[in-house]
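Visitor: The structure under discussion is supplied below as structure tokens; questions concerning it will follow.
The values are calculated or read from the model by the stated rules, or taken from the named source; none is laboratory data. What you see is a predicted model, and the numbers here were worked out from it, not measured in a lab. Cβ placement follows ideal geometry from the backbone for every residue including glycine, while neighbour counts extend to all protein chains displayed. What goes into the accessible areas is simple: the full protein's heavy atoms, side chains included, and nothing from ligands, DNA or RNA. Shrake-Rupley method; radii C 1.70, N 1.55, O 1.52, S 1.80 Å.
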Amino acid sequence: MFTVAKRVLVGRPLASSEQEHQRIPKVIALAVFSSDAISSTAYATEEILFVIALGTSSLTLGLNKLIPIAIAVAVLLAIVVTSYRRTIFAYPQGGGSYVVSRENLGRVPSLVAGSSILVDYILTVAVSISAGVAAIVSIPSFRSLQDHRVPLALALIAIITLANLRGIKESGRIFAVPTYIYILSIGTLVVWGLLRTFFGHIEPVHGDLHFEGALSGGNLGLFLLLKGFSSGAVALTGIEAIADGVPAFRRPESKNAAATLTWMAIILGSLFLGTAILAHHLGPVPTHHETVLSQLGRAVFGQGALYVVLQFATAGILTLAANTAYADFPRLSSIIARDGFLPRQFANQGDRLVFSNGIVFLAVAASALIIAFGGIVTALIPLYAVGVFTSFTLSQFGMVRYQQRRRAPGWRRGAFISGLGAAVTFVVLLVVASTKFTSGAWVPLVVVPLICLLFLAVRRHYDRVSKAIAIRPDEIKAEALNHTVVVLVGRIHRGVVKALAYAKSLRPNHLAAVYISYDEHDQLEMERQWEEYRLDVPLEIVSSPYRELVDAVEAYLDELDARWNNDTITVIIPEFVVERWYENVLHNQSALALKFALLGRSGTVVTSVPYHLRAPTNGD
């Protein structure tokens, strides 16, 4: 039943030979890997205004400084993208800042970069889904759902998780259309809105929404300006994704990935600047009751069909922005797992050629964040940018070292570009950390080191295990072992007879059937039945006056160890295999407890001998 449900929801298994056919073209890759960055145009302007139009400032002052801040963010975008194009060609195997830092800066910087970007991907899902829900509840017809943000967000996470479990190529096809609809919708909003503004055919946004700050006057100091810039810098989130996912592109991977990165930067920069300029002219109000983009849409399109399309497209792209994290978090975690810093299960590909364990973990972690922060975007944003710019800085500084070592033609110019990117993003990191420390930026500053310690602990465990099981060729020699086989008996039935036959086929040095007796009557009855059935395996009765099965078996095995030196004990457990899966709850619970307890016992092998039950026929 589970298998059938899985096939219906996830799809048929894909053979390893189909890996090449799962690579995606640039058109789909733009939707898969750029939706996070492009979607930030839906809320970045709003986040800037939430900072520079409130507090000691005013809406008028904030709107006057909006365009300069947007230009500064666009310049930063150009610098970072130029540097990351070099990363893509230098490391076509993917891995982004983690691999660059590992190869050029060492273990600790690579772990910091890896943990930072993994945290960023989790926050990407939480922020994107929360912003998508905010766009939905901004539509007048759906404002009654404002108190149900969290359930809506969790439902969207479930849908996008299921889509990604079906495979990156299939999820890319599903999500490509909504991504391009959003680009077309917001592009139309910007172009049509600016044309109407310049020709005087549009009115500013009406002040029908409650604004918590002052409309004019006040003072906009350097600290608020820097804080506003750090909020707008969230527009750069997602740039790392293409560098992480280069192997998912069709060949030639690096060329296609670099082209996709360039197109993403052009689209992102144009829409972000255009939205900021339009907001400067129309004067929207930053409020949690309706997004700034919704206010701009109402002013430009009215509340007709184009406005509804814009809102649903916005909700779609914000939800699909999470798909960028779903494409890259599992891939990056698999690389870190192969290096031994995460559980190896993260490196395993599922039967749809995706890293399904990473996908599921990402969904659970993002859901926990949404529940903890109530699905409010502004509450999550301060946690967002620290990890992003930490990985940016380490990646670009690592590229400086890479180019200094390789000294290929033009390396000085490349090192200068990467060095400039490292310096600028490091300054932005300091600004974000200092201006938003009390708002929540301290969380990643604490969480990232803790994750690095977890990475190191996992690696120490794997190193310890590898050392413990390592063996040299000259150490391999045949050892004489005493093989003792114990068949656990509850009552005499077909399954027990089959288990006894299997035990005798092993030709052990010692063989016994063991019955755990809870009282004298049980013991006498089992001895009588054993003689009646004339079973030729010695029966040993172990008394357990406190009715403890596991403890009694372990005490008996300890006695066997004391009886024979250098022995290996095989414990055979007869088990029923029922016809219907739900009937398992009625059987084999004691066997499960025994296997779990004996797993940690040295020199002990536990094996099950299944007996398949079937409905009786007329001839039985």
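Visitor: Taking the Cα atoms only, what angle lies between the long axis of helix 59-90 and the longest principal axis of the chain, rounded to 10 degrees?
Guide: Helix 59-90 sits roughly 50 degrees off the main axis of the chain.
Visitor: So, one more: Heavy-atom accessible area per residue, the chain, 1.4 Å probe: how many Å²?
Guide: Here the residues of the chain average 46 Å² of exposed surface.
Visitor: Here is a further query. Determine ³J(HN,Hα), in whole Hz, for all residues of segment 279-285 in sequence, where each value follows from phi through the Karplus function 6.51 cos²θ - 1.76 cosθ + 1.60 and θ = phi - 60°; x replaces Gly and Pro.
Guide: 5, 4, 7, 9, x, x, 9
Visitor: For Rg/Rh (Cα atoms, Kirkwood Rh), the choices are (1) 0.98; (2) 1.60; (3) 1.13; which was calculated from the structure?
Guide: Matching the structure shown: (3).
Visitor: Put a dot 7 Å past each Cα toward the Cβ at ARG338 and VAL27; how far apart are the dots in nm?
Guide: Taking the simple label geometry, VAL27 and ARG338 are separated by 3.1 nm.
Visitor: Roughly how many debye, to the nearest 20, is the charge dipole of the chain about its Cα centre, given +1 on each Lys and Arg Cβ, -1 on each Asp and Glu Cβ, and no other charges? Each step should come with its number before you reach the end.
Guide: Numbers: 51 positive and 43 negative charges, 611 e Å.
For the chain, the charge dipole is close to 2940 debye.
Visitor: Now, a different point. Rounding to the nearest 20 debye, state how big the charge dipole of segment 189-290 is about its Cα centre with +1 on each Lys and Arg Cβ and -1 on each Asp and Glu Cβ. If you can, show how the numbers build up before the last one.
Guide: Details: 5 positive and 7 negative charges, 90 e Å.
Here the size comes out at about 440 debye.
Visitor: Could you rank PHE426, PHE272 by how accessible they are, 1.4 Å probe, largest area first?
Guide: Details: PHE426 95, PHE272 5 Å².
Putting PHE426, PHE272 in descending order of accessible area: PHE426, PHE272.
Visitor: So, in the chain, how many Lys pairs have Cα atoms under 25 Å apart, if the pair is 8 or more places apart or on different chains?
Guide: Lysine pair count for the chain: 10.
Visitor: Sticking with this structure for a sec: When the Karplus curve 6.51 cos²θ - 1.76 cosθ + 1.60 is applied with θ = phi - 60°, which whole-Hz ³J(HN,Hα) does each residue of segment 546-552 get, with x for Gly and Pro?
Guide: Going residue by residue, I get 9, 6, 9, 6, 5, 4, 5 Hz, with x marking Gly and Pro.
Visitor: If R₀ is 41 angstrom, what is the calculated FRET efficiency for the pair ARG406 and LEU222, using the beta carbon separation as r and rounding to 0.05?
Guide: Values: r = 41 Å, r/R0 = 0.99.
Plugging the Cβ-Cβ distance into 1/(1 + (r/R0)^6) gives 0.50.
Visitor: Enumerate the amide H contacts of GLY245 below 5 Å, restricted to partners 5 or more residues apart or on another chain; note that Pro and chain-start residues carry no placed amide H.
Guide: Close amide H contacts, sequence-distant or interchain: GLY95.
Visitor: For the chain, find the longest principal axis of its Cα atoms and tell me its angle to the long axis of helix 589-598, 0 to 90°, nearest 10.
Guide: Result, in degrees: 90.
Visitor: Same structure again: Compute the acute angle (0 to 90°) between the alpha-carbon long axis of helix 26-39 and the principal axis of greatest extent of the alpha-carbon atoms of the chain; round to the nearest 10°.
Guide: Rounded to the nearest ten degrees, it is 70.
Visitor: Moving to a separate point now. Measuring from centroid to centroid over Cα atoms, what is the spacing of segment 264-341 and segment 76-111 in Å?
Guide: The distance from the Cα centre of segment 264-341 to that of segment 76-111 comes to 25 Å.
Visitor: Skipping prolines and chain starts, which residues have an amide H placed within reach, meaning under 5 Å, of the one on ALA214, given they are 5 or more residues away or on another chain?
Guide: LEU59
Visitor: Could you pull out every residue, at least 5 positions away or on a different chain, whose amide H is within less than 5 Å of the one on GLU575? Hs are placed 1.01 Å off N in the peptide plane, and Pro or chain starts have none.
Guide: VAL609, TYR611
Visitor: Here is a follow-up. Please find the FRET efficiency linking LEU539 to ALA470, where r is the Cβ-Cβ separation and R0 is fixed at 35 Å, and quote it to the nearest 0.05. Write down the numbers at each step before the final one.
Guide: On the way: r = 43 Å, r/R0 = 1.22.
So the FRET efficiency works out to roughly 0.25.
Visitor: Same structure, new question: Given the Cα-Cα distance of GLN349 and TYR518 and 0.36 nm per residue of separation, how much length would full extension add, in nm?
Guide: Values: separation 169, 0.36 × 169 = 60.84 nm, distance 4.80 nm.
This chain segment gains 56.0 nm when fully extended.
Visitor: Stretched out fully, how many nm does the piece from VAL578 to LEU450 gain, at 0.36 nm a residue minus the Cα gap? Write down the numbers at each step before the final one.
Guide: Numbers: separation 128, 0.36 × 128 = 46.08 nm, distance 4.62 nm.
Gain on stretching VAL578 to LEU450: 41.5 nm.
Visitor: If you don't mind, another one. I'd like the Karplus ³J(HN,Hα) series for segment 524-530: coefficients 6.51, -1.76, 1.60, θ = phi - 60°, whole numbers in Hz, and an x wherever there's a Gly or Pro.
Guide: The phi angles translate into 5, 5, 5, 4, 5, 5, 4 Hz.
Visitor: While we're here: For the chain, what is the relative contact order in percent, using Cα pairs closer than 8 Å and at least 6 residues apart in sequence? If you can, show how the numbers build up before the last one.
Guide: Working: 976 pairs, mean separation 129.4, N = 620.
Dividing the mean separation by the residue count of the chain yields 21 percent.
Visitor: For a quick protection proxy, order the peptides 543-549, 500-506, 396-402 by their average other-Cβ count within 10 Å, most packed first. The partial results should precede the final answer.
Guide: On the way: 543-549: 12.9, 500-506: 15.0, 396-402: 23.9.
Packing proxy ranking, top to bottom: 396-402, 500-506, 543-549.
Visitor: Additional query: In nm, to one decimal, how far is the modelled label at GLU531 from the one at PHE416, with both set 7 Å along Cα→Cβ?
Guide: My value for the distance between the label points is 10.1 nm.
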